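Below you'll find the structure, written out as structure tokens, and then a few comments.
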Amino acid sequence: MARNNVDVLIAGGGFAGLTLAIALRQALGPSFAVTVADPALGKTYAGDERASAIVAAVRRLFESIGVWERVEHEAQPMLDMVITDSRLEDAVRPTFLTFAGEVEPGEPFAHMIENVLLVDALTVKAREAGIDLRPTAVANFNKSSGSAQHIDVTLADGAALAPRLLVAADGARSGIRSRAGITTHGWDYGQSAVVINVAHERDHDGRAEEHFLPAGPFAILPLKGRRSSIVWTEPTAEAERIVALPDAEFHAALEQRFKLQLGEIKVLGPRRVHPLGFFVARSFIAERIALVGDAAHVIHPIAGQGLNMGLKDVAALAEVIVDAARLGLDFGAADALERYQRWRRFDTMAMGLATDGLNRLFSNRSDVLRVFRDIGLGLVDRLPALKHLFIREAAGLVGEVPKLLRGELL
Ligand SMILES: Cc1cc2nc3c(=O)[nH]c(=O)nc-3n(C[C@H](O)[C@H](O)[C@H](O)COP(=O)(O)OP(=O)(O)OC[C@H]3O[C@@H](n4cnc5c(N)ncnc54)[C@H](O)[C@@H]3O)c2cc1C
């Protein structure tokens, strides 16, 4: 069968895959052939009501690749954040920690935006940039031998490609990761997130709230207009019971957690449950293969960092590929891929374990732990320098930050 040579084949046209394709195209021009294959390409994520907090570093990346200007008017700046620690039945929730969220003057530490708007904008930009988009899956590949300069890949529509690098951006259940023999380590939380959007009577003024309740965090994240996205964590059986409740009972359970500070609330769209787990791939690379995004790691949404971590992978991998390609080196060879893995794997473990620790610290009913964590939160609240460092860390601006995340071109 005739094999079509491409430089990079990306499996998966979600946030991670499309962003990588656009960044490579922008840096290396049309002579560098990039193909994205995904059966879901061009289909709107109907019924996906999820929204994401895009941290400042990732917004800079979207700005650099010319996507932010297309969605900015739909994105809600997060201007401050309030954290409370209370029991469900408490009538008043004392505030333990507040963050006024600017990383630089005039630059909010995060924006909220609906996933579907961002993926649509990335797809349109990729199409305009002339990237080869194929609405089909990566079906199979032969493990490359060390001496080969490419990897043989077959798509579900029968096409055969021979890229120098295959990127697995095919999500948490990555078939490429398992076919490459890469195992993961991690665990299920036995928790699920009920995700809904609500409309409310009063303005949220760009304020995000995270209420640490014994069953798990209940986050209210501001969307454009008088709307908010709710990520409501419960033990899985309880989450499934809650979404199946009749409307009036569901509304009562929601109101007990949301309270009435924004006036009457109304649920918009469907209620969905997302099971939560934590895992990290034991390796981010294999022979001529690199894993990015959820294919490489999935973390608890408690700090809203999953997608942002995936885009850090993308920024680091893009930089590694571009640096090697400009020097005429083989960007799919082991030394280039090792550089990518060194850059990202430690940071990923650190963030994964930090979010895991946060979830364990807060999702429990121990009054002793509660006293200690509230003293801790109270102390942080009184130390502006420490708060500023936390904000910059959460915004993705601490450590060895790839160029795209600093807002620089490759
Ligand atoms: C409740 C919840 C709330 C969250 N909130 C936040 C937040 O506020 N901030 C944040 O940063 N993150 C958040 N996340 C995490 C974030 O949603 C994910 O990290 C992100 O969607 C992963 O993007 P991705 O491109 O890696 O994978 P995906 O979006 O899963 O894309 C994978 C793509 O691969 C395709 N595919 C699968 N198999 C193949 C194949 N064989 N060949 C080709 N294509 C294939 C699929 O069709 C899909 O389009 C949250 C997650 C949850 C569950």
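The values are calculated or read from the model by the stated rules, or taken from the named source; none is laboratory data. Keep in mind that this is a model prediction, so the values were computed, not measured. Virtual Cβ from ideal backbone geometry, glycine too; neighbours counted across all protein chains shown. Ligands, DNA and RNA are excluded from the accessible area calculation, which covers all protein heavy atoms including side chains. Shrake-Rupley method; radii C 1.70, N 1.55, O 1.52, S 1.80 Å.
One table, with the values for the structure above:
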{"read-out": "Selection from region 201-226 of residues that are crowded, with 19+ Cβ neighbours inside 10 Å and of a type in the set (Lys, Arg)", "value": "207"}
{"read-out": "Set 365, 342, 370: member being at pLDDT 85 or above and among the charged types (D, E, K, R)", "value": "342"}
{"read-out": "Of all residues making up region 14-37, the number that are touching a Leu at 6+ places or on another chain (Cβ under 8 Å) and open to solvent by less than 40 Å² (accessible area, probe 1.4 Å)", "value": "13"}
{"read-out": "Filter result for residue 129 (over 23 Å from the mean Cα position of the chain (by Cα), within 24 Å of residue 332 (Cβ to Cβ) and of a type in the set (A, V, I, L, M))", "value": "yes"}
{"read-out": "Subset of region 245-273 (residues that are of a type outside the set (A, V, I, L, M, F, W, C) and over 14 Å from residue 220 (Cβ atoms))", "value": "246, 247, 249, 251, 264, 266, 269, 270, 271, 272"}
{"read-out": "Residues of region 24-78 classified as part of a loop (DSSP other than H, G, I, E, B) and more than 17 Å from the chain's Cα centre (by Cα), total", "value": "16"}
{"read-out": "Strands (runs of 3 or more DSSP E) wholly inside region 129-177 that include at least 1 residues being open to solvent by less than 30 Å² (accessible area, probe 1.4 Å), away from the ligand (no atom under 11 Å from the Cβ) and modelled with pLDDT of 95 or more", "value": "165-168"}
{"read-out": "Complete set of residues in region 7-23 that are over 24 Å from residue 59 (Cβ atoms) and assigned to a strand (DSSP E or B)", "value": "8, 9, 11"}
{"read-out": "Members of region 47-69 that are touching a helix residue (DSSP H, G or I) at 6+ places or on another chain (Cβ under 7 Å), more than 8 Å from the ligand (Cβ to nearest atom), over 14 Å from residue 314 (Cβ atoms) and touching a residue at least 60 places away in the same chain (Cβ under 8 Å)", "value": "48"}
{"read-out": "First in region 118-141 and free of Cβ contacts under 8 Å to residues at least 24 places away in the same chain and hydrophobic (A, V, I, L, M, F, W, C), second anywhere and buried (at least 19 other Cβ atoms within 10 Å of the Cβ) and assigned to a strand (DSSP E or B), Cβ under 8 Å, 6 or more apart", "value": "139/155"}
{"read-out": "Close pairs (9 angstrom Cβ cut-off, 6 or more residues apart or separate chains): within 12 Å of residue 321 (Cα to Cα) in region 21-35, polar (S, T, N, Q) anywhere", "value": "21/35; 23/64"}
{"read-out": "Count - residues of region 247-287 that are open to solvent by less than 20 Å² (accessible area, probe 1.4 Å) and either touching a Leu at 6+ places or on another chain (Cβ under 6 Å) or hydroxyl-bearing (Ser, Thr, Tyr) (or both)", "value": "2"}
{"read-out": "Count of residues meeting criterion [within 30 Å of residue 9 (Cβ to Cβ), within 11 Å of the ligand (Cβ to nearest atom) and either in contact with an Asp or Glu (Cβ under 8 Å, 6 or more places away or on another chain) or hydroxyl-bearing (Ser, Thr, Tyr) (or both)] in region 178-198", "value": "1"}
{"read-out": "Residue match in region 307-324 (condition: buried (at least 24 other Cβ atoms within 10 Å of the Cβ), among the charged types (D, E, K, R) and not in a loop (DSSP other than H, G, I, E, B))", "value": "yes"}
